[in-house]
Amino acid sequence: MKRVKVVPVGMLQRYLSEAVTANPGQTVHQLLEGLGIPPDLVAVVLVNGRQEPKSYLLQEDDQVKLVPLVGGG
Amino acid sequence: MRVDLTRGDITKEPLNPELARGYLGGRGFAARILYQDLEKGTDPLGLGNKLIVATGPLSGLLIPGAGKTTFAAKSPATGGYADSSAGGHLCAEMKYAGYDVFIFEGISPQPVYLFVDDGEVELREASRYWGQGCITVEKALKEGLGEEFQIVTIGPAAERGVLFSCVSHDFGRQAGRAGVGTVMGAKRLKAIAVRGTKSIPVADLDEYHRISRQMYDACKASEAWEAWTRLGTSGVNMWSNEVGSFPTRNFQSGAFERAEGLKGELMRERIVITDKACFGCPSPCGKWSHSKKHKVRVEGPEYETAALLGANVALSDIEDVAYANYLCDEYGLDTISAGNAIAFAMECFEKGIITTEETDGLELNFGQAKVVFALLEKIAKREGIGDILAQGVKHAAHVWGKGSGDFAVQVKGLEMSGYESRSAPAMLLSYMTADVGAHHNRSWAITYDLEVGRDKVTEDKAAKVIELQHIRPLFDCLGCCRLQWVELGLDLGYYPAILKAVTGVDRSWDDLLKISERVWNLTRAFWVREVEGFGREWDYPPARTWKEPVISGPTEGKFISREDVEKLLDMYYAQRGWDKNGIPTREKLEELGLGDLVKI
């Protein structure tokens, strides 16, 4: 099975120190729970350069960036 | 440069080195000048008020985001201190023309604009522009003077004294809050046009180049760059909705059931034409959009506009929000306060507090785009119900009564920006204590609430708010944007290093934070001096906060108790070195070097 690449950004590296691969067929929300990243701290999920909701079902070869806010808006 | 609008005199003065040492620039300059120069009890719309337009020591240099200009005055909306910053290119052009600060005094007998072309400065007659919209006038001045002039304008709302009128720049950037545009309108100053062709001296050119390059490289290398450049602030619309902080139907809820229509990606694909950057910015968050439905082009909508003129009035079509944004930009209205005012009127109508008799026959139902557009026009023109709303929700609640003050969502008379905070005490405390009223730019602590537990009311939350209230406004003293830090995670250690290269003065990060604390205490002292009886009760949020739970969404049923609100203030005042009424102590003022200046 082709894997999903997951890149944590900024403060999220406290929960996931470096990029990892994950299985497709799960939602972003499930992925975050599996990785121990609080979903509320992920401001933007970018999948292949496009913003997706946390209900998005991961596909093979997806490149996922998890982006937080450091100090607010 | 000092501009006496009453007499038409313009004088140039050298920058006071003591001012630069003690207050850095931008907001720091503004706070010091307003505190020192304004007489107690100055009428915000009268001859005595001053409009300060200030750059910072980093403005106009090759530093990420160095395009922020501060506009400040005594606020006609709150009666207290106000500063509001705008991105764009004005501060760079001011510096190239050789000016750090413009101070506008008095009231012009007729509409004028300030023309600045390097050393050539004059007040020019502007009657032909009076009554025209912000964008229209900016375009006309650019066409007449030349593309390289940077222009600031006000719109019809400011001319008519709408208390939340903004200053507009660069076709969609605003110094929006607390009525700084209203002060400019009262002075009959329609516009400012600046061109500069000189350069800015720096103390150590090689070091400046070296650090500047590192800062840009770090921004471009940030993994977050792609997301924020693609989406701008609209990237957080859905997140805010997910965590229950997206103000909905006048902050009755923090989640909007039709928020999908406002999501950042949809906006990008449906209406955004291109990205738009301020001076020196490596991560352009501005989105230049085209609504085919309404046949307008507009910068935005930003997060705040999607929140307050979207969810808060229950509009879910991004093109309708874009059109409301366009109307505000052209009339010169702050979208945050305007969205609050309309939502407040809608809730009053929903509850039967006002009827079609008070609304000029309009059915003020949530979710009606045409009603929102009509109310924006009425507010800008101060017609009928618009005249009441033009004075803000606190005033409207006084007029309409019947308990409506409980849900007039404001602090100190300034309408709240876009975060529902009944289940986020640090964010709520940020709003309660912000030094212009309920605005998020001084401290934005909601992610801290989410990180450590959103219902906790603890000392560390007050400490976090104070920490942010020193870091974030520091950017407004330096004259540059905070978003490279906030969004891209740019290391804060770069700022004292590049400031040293530019000015030749070595200051630690802690020194800079001390200056920011000095400014914070000075703006507090301004409130104490200017507002009769100012103290603790001025920091209270609207009573809805403790009387009514959130009605839907992930925080449904949540609210904060009155006791916890008091506890937040007790912790905050004690940590700040203020007394139990929220007044800076003499000891604290002396510690910050304000002992001689501040007599409260």
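Structure data summary
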| item | result |
| --- | --- |
| Output for the stretch B:69-111, where each listed residue is among the hydroxyl-bearing types (Ser, Thr, Tyr) and buried (at least 24 other Cβ atoms within 10 Å of the Cβ) | B:69, B:70, B:75, B:78, B:81, B:84, B:85 |
| Among (1) closer than 26 Å to residue B:244 by Cα; (2) open to solvent by 20 Å² or more (accessible area, probe 1.4 Å); (3) away from chain A (no Cβ under 11 Å); (4) touching a residue at least 12 places away in the same chain (Cβ under 8 Å) - the single one residue B:493 does not satisfy | (1) |
| Single unsatisfied condition, residue A:54 versus (1) modelled with pLDDT of 95 or more; (2) exposed (fewer than 13 other Cβ atoms within 10 Å of the Cβ) | (2) |
| Residue ID - nearest to residue A:5 (Cα to Cα), chosen from residues in the stretch A:33-73 that are away from chain B (no Cβ under 12 Å) and touching a helix residue (DSSP H, G or I) at 6+ places or on another chain (Cβ under 9 Å) | A:58 |
| Unique residue being part of a helix (DSSP H, G or I), of a type outside the set (Ser, Thr, Tyr) and open to solvent by 10 Å² or more (accessible area, probe 1.4 Å) when the list is B:456, B:394, B:402 | B:394 |
| Condition broken by residue B:163, with the remaining ones in (1) in a helix (DSSP H, G or I); (2) within 30 Å of residue B:393 (Cα to Cα) satisfied | (1) |
| Checking residue B:225 against (1) open to solvent by 10 Å² or more (accessible area, probe 1.4 Å); (2) among the hydrophobic types (A, V, I, L, M, F, W, C); (3) more than 14 Å from chain A (Cβ to nearest Cβ), the condition it does not meet | (3) |
| Residue list for the stretch B:386-417, filter: free of Cβ contacts under 8 Å to residues at least 60 places away in the same chain and more than 24 Å from the chain's Cα centre (by Cα) | B:398, B:399, B:400, B:401, B:402, B:403 |
| Pairs, first without any contact (Cβ under 8 Å) to a residue 40 or more places away in the chain in the stretch B:319-330, second aliphatic (A, V, I, L, M) and open to solvent by 10 Å² or more (accessible area, probe 1.4 Å), C-beta under 7 Å, six or more apart | B:326/B:296 |
| Candidate set: the stretch B:459-490, residues that are open to solvent by 20 Å² or more (accessible area, probe 1.4 Å) and small (Gly, Ala, Ser); chosen: the one nearest to the other protein chains (Cβ to nearest Cβ) | B:489 |
| Failed item in (1) out of contact with any strand residue (DSSP E or B) (no Cβ under 6 Å at 6 or more places or on another chain); (2) farther than 30 Å from residue B:524 by Cα; (3) assigned to a loop (DSSP other than H, G, I, E, B), with residue B:136 passing the rest | (3) |
| In the stretch A:1-18, residue most open to solvent (accessible area, probe 1.4 Å) [restricted to those that are away from chain B (no Cβ under 12 Å) and not in a strand (DSSP E or B)] | A:1 |
| Options B:383, B:420, B:377: the member that is in contact (Cβ under 8 Å) with a residue 24 or more places away in the chain and surrounded by fewer than 22 Cβ atoms within 10 Å (Cβ to Cβ) | B:377 |
| Qualifying residue in the stretch B:12-23 (condition: under 16 Å from residue B:71 (Cα atoms), open to solvent by 10 Å² or more (accessible area, probe 1.4 Å) and out of contact with any Lys or Arg (no Cβ under 7 Å at 6 or more places or on another chain)) | no |
| Residue, farthest from residue B:52 (Cα to Cα), within the stretch B:112-152, restricted to residues that are among the acidic types (Asp, Glu) and surrounded by fewer than 15 Cβ atoms within 10 Å (Cβ to Cβ) | B:143 |
| Subset of the stretch B:178-198 [hydrophobic (A, V, I, L, M, F, W, C) and open to solvent by 10 Å² or more (accessible area, probe 1.4 Å)] | B:186 |
| Residue among B:492, B:474, B:428 that alone is aliphatic (A, V, I, L, M), at pLDDT 95 or above and closer than 30 Å to residue B:345 by Cα | B:428 |
| Any hit, the stretch B:244-251, residues being touching a strand residue (DSSP E or B) at 6+ places or on another chain (Cβ under 8 Å) and either open to solvent by 10 Å² or more (accessible area, probe 1.4 Å) or within 9 Å of another protein chain (Cβ to nearest Cβ) (or both) | no |
| Count of residues meeting criterion [open to solvent by 40 Å² or more (accessible area, probe 1.4 Å) and of a type outside the set (S, T, N, Q)] in the stretch B:578-596 | 8 |
| Residues that are open to solvent by less than 10 Å² (accessible area, probe 1.4 Å), assigned to a helix (DSSP H, G or I) and not hydrophobic (A, V, I, L, M, F, W, C), drawn from the stretch B:336-366 | B:337, B:339, B:340, B:347 |
| Tally, over the stretch B:444-453, of residues that are open to solvent by less than 20 Å² (accessible area, probe 1.4 Å) and more than 9 Å from every other protein chain (Cβ to nearest Cβ) | 1 |
| Extreme residue, farthest from the other protein chains (Cβ to nearest Cβ), among residues of the stretch B:254-267 that are within 14 Å of residue B:555 (Cβ to Cβ) and surrounded by 24 or more Cβ atoms within 10 Å (Cβ to Cβ) | B:256 |
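The values are calculated or read from the model by the stated rules, or taken from the named source; none is laboratory data. Bear in mind the structure is a predicted one, so any value in this text is a computation, not a measurement. All Cβ positions, even for glycine, are placed from backbone atoms using ideal geometry, and neighbour counts span all protein chains on display. Ligands, DNA and RNA are stripped out before the accessible areas are found, and what is left, the full protein with its side chains, is counted by its heavy atoms. Shrake-Rupley method; radii C 1.70, N 1.55, O 1.52, S 1.80 Å.
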